[in-house]
Amino acid sequence: MRCSRAVPLPSPWAVVLLALLAALPALARAQDAPRPTPGTPPTILVMGDSLSAGYGLSAEQGWVSLLAKRIESDQPGWRVVNASISGETTAGGSARIVREVLRVKPAVVVIELGANDGLRGLPLREMRRNLARMVGASQYVGAKVLLVGMRIPPNYGADYADGFERVYRDLAAHFDVALLPFLLEPIAADRGNFQDDNLHPVADAQPMLRDHVWEALAPLLD
C-alpha cells in the first residue's frame, strides 16, 4: 500500500500575493487611461466605510471634510477625494480599488476598511486578501498608503478580535506602509462621542478623528 504525501497548504501570504498578482493585469490593461493634466494638484484618495463617509452628518461635518480643510491650510496645493461608502466591506473596496486609483491617480491612498467585516464575523483570510489587493493596487500606481485599522468587541471570541487587529499590523509590515492602528482611539472611551447606534461618531467628535489621522498622514505629504 502506497502512502500519499500531504501537499502543504499555501501560507496566508502566498494567498495574498496570488490575489495581488491577479489584479495587476487589469491595471496594466488600463495604463492608457487618461492621466492628470499638467498642474493637477497631488491627490489624497480616501477609501472607507460609513466612518469616513460621515454617516448621520452633513457633508461638511465628517472628519474627511475637516481634513480637506486643514490640508488647504497646512499643505496648499493638495486635494482630497473621498470615495468612502457607508456599509462598505473590504470586498467592496477591493472590487473598486483599480477603478478608483486609475480615475484619481492619487499620490496617497488612505484605506479605512474592515469594520463591517468584523461586525459580520467575515473570514479574516478574505479580509487580509482584500486589503492586500487594495494596498498593492495603490502602490502599483505609485501612491503612498496609510492603512487605518479598527478594533472590534470580542463578540466572535478573543481569537477573532486579536486576529482582526493583527491583519492590519501584518499588512503594514509586509508592504512597508504607514499604519494608524485604531481610527477611533481618541474617542472610543466616551459614549457621548457616538450617535444613538453606538457605532458612528457624532459631529463634535469628528475634529478629534481628523487630528488623529493627520498625525499619521502628514509625513506622507512631504
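Structure above, values below:
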| quantity | calculated |
| --- | --- |
| Peptides 55-64, 83-92, 133-142 ordered by average Cβ neighbours within 10 Å, highest first | 133-142, 83-92, 55-64 |
| The stretch 47-82 residues near the modelled residue 190 label - backbone nitrogen below 18 Å, point 7 Å along Cα→Cβ | 62-63 |
| q = 0.12 Å⁻¹, the stretch 40-221: log10 I(q)/I(0) [Debye, one scatterer per Cα] | -0.51 |
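Only the coordinates and a few stated rules stand behind these numbers; no lab work does. Owing to the predicted nature of the structure, the values given are computational and were not obtained by experimental measurement. Positions of Cβ are backbone-derived with ideal geometry, glycine not excepted, and every protein chain shown enters the neighbour counts.
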